[in-house]
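Heads up, the thing below is written out as structure tokens.
The numbers here are math on the coordinates, done by the rules we state, and not lab data. A quick note: this is a predicted structure, and the numbers were derived from the prediction, not measured. Ideal geometry is used to build each Cβ from the backbone, glycine not excepted, and the neighbour counts take in all protein chains shown.
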Amino acid sequence: MSITMILLKQIITMFLLAAIGFLLYKARLVTDGASKGLGNILIYTSLPAVIIKGFLVERTPERMMGLLISAILAFVILALFSIISKLVFRKDGIAVFASSFSNPGFFGVPLIAASISDGAIFYVAAFIGFLNMFQWTYGVAVMTGKSGRITAKKIFTAPFFIAILVGLVLFLTALPLPGILTNVIGNVAGLNTPISMFVVGGYLAQVDFKKMLLRRENYLVSLMRLIILPVIAALLMHFIPDSYPGLKEAIFIASACPVGSNVAVYAQLYGCDHTYAAETVVISTLLSVVTIPLLITLI
């Protein structure tokens, strides 16, 4: 299956899930309060499970070194994305958050598996972990305009930091988990996309679609998220040796994915403009069907 077809399949799935959330909200079966509850389920259970699941692979010397390289690369790229987005969008916290952070779990993983190999998926585990850490700390601070939210206590007690530590311990010790526990982690991780898209669908039920299509900022965010920042990531990775096949390609694909749906979840949890946040998810996701195959082909 081609990259474009895989991407289309993921986008269609994403919007069908959002349509369910849309209908549930319109039927008043899901309220704003329920959406916040679903957001907490994502942050405190599902997303940490996604991170832990990424580390549940066989430990080899090659993977250990690859993990270190990919972790450093992911941290530098995400920090650079955050700085550049802040310089461009300044006081627009939603735009800074949306352009800085992609959706590598839902879009990146199947694309990496199809275009590189299943083994290369491991190299985005650190990317997904650091991305969630950045969202929880820097992303929330810039979105709310309260820089004091970034504290050592907040970082070290974050569910994503704890999930990274648990994942690393499981990977480095090769500690075997009971099959039933592995299944539970997989099932909880599998809730991530459906729940997040149900929530986004609920937000879309409150959106003026004409306003969404005409809002200039949505396209500026997409330009930054889908083209400018991935190209910068590609230039940065040009200086990394090709010692580990698939590593650079996997990180690049993760960097080129559309706006992550978490921007809308965090926006509602912290009382920000969650409809605007949902718009950036929708517009960038639609445009990614063109940009991702094009960038993968060119770069």
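Of LYS146/LYS248; LYS53/LYS146; LYS86/LYS154; LYS36/LYS210; LYS91/LYS248; LYS36/LYS146, which pairs sit farther than 23 Å apart, going by alpha carbon to alpha carbon? In this structure, LYS146/LYS248; LYS53/LYS146; LYS36/LYS210; LYS91/LYS248 exceed 23 Å between Cα atoms. For segment 3-294, the relative contact order works out to 34 percent when only alpha carbon pairs closer than 8 Å and six or more residues apart are counted.
Going through segment 1-78, which trypsin sites (Lys or Arg not before Pro) have at most 15 other Cβ atoms within 10 Å and a DSSP loop state? Provide the component values of the computation, followed by the final result.
On the way: sites: LYS9, LYS26, ARG28, LYS36, LYS53, ARG59, ARG63; in loops: ARG28, ARG59.
Here the trypsin sites (Lys or Arg not before Pro) that fit, given the DSSP loop and packing criteria, are ARG28, ARG59.
Put in order of Cβ neighbour count within 10 Å, fewest first, the listed residues ILE6, ILE83 become ILE83, ILE6. Each Cα pair under 8 Å and six or more residues apart adds its sequence gap; the mean of these over the residue count of segment 218-264 is a relative contact order of 54 percent. The label-point distance for LEU286 and ILE20, in a model that sets each label 7 Å from Cα toward Cβ, rounds to 2.3 nm. Among the chymotrypsin sites (Phe, Trp or Tyr not before Pro) in segment 226-277, those located in a DSSP loop and surrounded by at most 12 other Cβ atoms within 10 Å of their own Cβ are PHE239.
In segment 1-153, a dipole from Cβ-located charges (positive for Lys and Arg, negative for Asp and Glu) runs towards its positive end, and of GLY33, MET14, LEU68 it is GLY33 whose Cα lies farthest in that direction. Around the Cα centre of the chain, unit charges on the Cβ atoms of Lys, Arg, Asp and Glu (plus for the first two, minus for the last two) sum to a dipole of about 720 debye. Given a Förster distance of 25 Å, report the FRET efficiency between THR157 and LEU181 from their Cβ-Cβ distance, rounded to the nearest 0.05. Computed FRET efficiency for THR157 and LEU181: 0.60. For the pair ILE299 and LEU87, the difference between a 0.36 nm per residue extended length and the Cα-Cα distance amounts to 73.8 nm.
So if each residue of separation counts as 0.36 nm, and I subtract the Cα-Cα distance between PHE209 and ASP242, what length gain in nm does that give? Let's see the in-between values first.
Numbers: separation 33, 0.36 × 33 = 11.88 nm, distance 4.50 nm.
Net length gain for the segment: 7.4 nm.
Give the order of CYS257, CYS272 when sorted by the count of other beta carbons within 10 angstrom, beginning with the fewest. Let's see the in-between values first.
On the way: CYS257 27, CYS272 20.
Listing CYS257, CYS272 from fewest to most nearby Cβ atoms yields CYS272, CYS257.
Remark: SER99, SER70 ranked as SER70, SER99, counting other beta-carbon atoms within 10 Å and listing the fewest first.
Rounded to the nearest 20 debye, the dipole size of segment 170-248 about its Cα centre is 320 debye, using +1 on the Cβ of Lys and Arg and -1 on the Cβ of Asp and Glu. Counting every C-alpha pair in segment 119-255, the share spaced more than 26 angstrom apart comes to 45%. For the chain, the residue among ILE83, ALA234, SER46 whose Cα projects farthest onto the positive side of the dipole built from Cβ charges is ILE83.
Each 10 Å bin, from zero up to the one with the longest distance, holds this percent of the alpha carbon pairs of the chain: 6, 29, 38, 22, 4, 0.
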